[in-house]
Amino acid sequence: LSRKQSLVVASLTGQTVVVRYIRLVDVSREQLAGAVEREAANNIPYDLNDVYMDWFVLDEYKEEGRRVTKVLIVASMREVLDTRLQILQNAGVECGVVGVDSLAMADAGEACKVFAPSESVAMIDIGLSSSSIQFIKGGVSNFIRDVNWGARELITAITKAQRCSYEQAI
């Protein structure tokens, strides 16, 4: 394969990534990186030296006369990401972008312009064994959670409630 043909987009999922929303009050642009780093140290359940971390300003607004900056922080253990990248490299492909599964839904919705500025939206991705839930208000992500519950558990619940076979529940 040529280099151009082997460039891939990879993503991290569920428990392999930590997503946190923080609110910073009266923090200037010059102070933002340091403030995010301090908040990450308090909100990420790992030593920051052991994670790859990125952040993005979601929104800036005034609240009771104070400037509020809403920031999304994403972190993954270095070992997890390094292993994933090594597997791709061993397969002969180069990773161009690493994303987060649960954020991909909102990215797709935004790219397709499905969010109206004034609406609130709940996006739910139900997989076989896990699901992702995300709430978006005014085009800004406000809450995200990955849960270890998916279609398998849903189908099992239907079989019990309806007293039917797995095939009938599907």
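The values are calculated or read from the model by the stated rules, or taken from the named source; none is laboratory data. Bear in mind that the values here come from a model prediction, so they are computed numbers and not experimental data. FYI the Cβ positions are ideal-geometry reconstructions off the backbone, even for glycines, and counts take in every protein chain you see. Calculation scope for accessible area: heavy atoms of the full protein, side chains included, ligands and nucleic acids excluded. Shrake-Rupley method; radii C 1.70, N 1.55, O 1.52, S 1.80 Å.
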note = Log entry, pairs with first residue in the range 20-42 being under 26 Å from Arg145 (Cα atoms), second being part of a loop (DSSP other than H, G, I, E, B), beta carbons closer than 7 Å, six or more apart or on different chains, reads Arg20/Ile44; Ala35/Val27
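Keeping to the range 78-91, report how many residues are open to solvent by 50 Å² or more (accessible area, probe 1.4 Å) and in contact (Cβ under 8 Å) with a residue 40 or more places away in the chain.
Residues in the range 78-91 being open to solvent by 50 Å² or more (accessible area, probe 1.4 Å) and in contact (Cβ under 8 Å) with a residue 40 or more places away in the chain: 2 in total.
Scan the range 132-154 for residues that are among the small types (Gly, Ala, Ser) and within 12 Å of Leu58 (Cβ to Cβ) and report the count. Quick ask: steps written out before the conclusion?
Quick first cut of the range 132-154, residues among the small types (Gly, Ala, Ser) only: 132, 138-139, 141, 150-151.
Those still in the list that are within 12 Å of Leu58 (Cβ to Cβ) too: 138-139, 141.
Final tally of qualifying residues: 3.
Condition check: open to solvent by 40 Å² or more (accessible area, probe 1.4 Å) and of a type in the set (A, V, I, L, M). Does Ile158 satisfy that? Give the steps one after another, and end with the answer.
Values: open to solvent by 40 Å² or more (accessible area, probe 1.4 Å): yes; of a type in the set (A, V, I, L, M): yes.
Against the criterion (open to solvent by 40 Å² or more (accessible area, probe 1.4 Å) and of a type in the set (A, V, I, L, M)), Ile158 qualifies.
Among residues belonging to the range 101-117 that are farther than 26 Å from Leu81 by Cβ and touching a strand residue (DSSP E or B) at 6+ places or on another chain (Cβ under 9 Å), point out the one that is least open to solvent (accessible area, probe 1.4 Å). Talk me through it step by step, then tell me what you get.
We begin by selecting, within the range 101-117, every residue farther than 26 Å from Leu81 by Cβ; these are 112-117.
Now drop any that are not touching a strand residue (DSSP E or B) at 6+ places or on another chain (Cβ under 9 Å), which leaves 114-115.
Working: Val114: 85, Phe115: 43 Å².
Filtering the range 101-117 for residues that are farther than 26 Å from Leu81 by Cβ and touching a strand residue (DSSP E or B) at 6+ places or on another chain (Cβ under 9 Å), the one least open to solvent (accessible area, probe 1.4 Å) comes out as Phe115.
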Residue check, Ala75 closer than 27 Å to Ile126 by Cβ, at pLDDT 95 or above and open to solvent by less than 60 Å² (accessible area, probe 1.4 Å) = yes
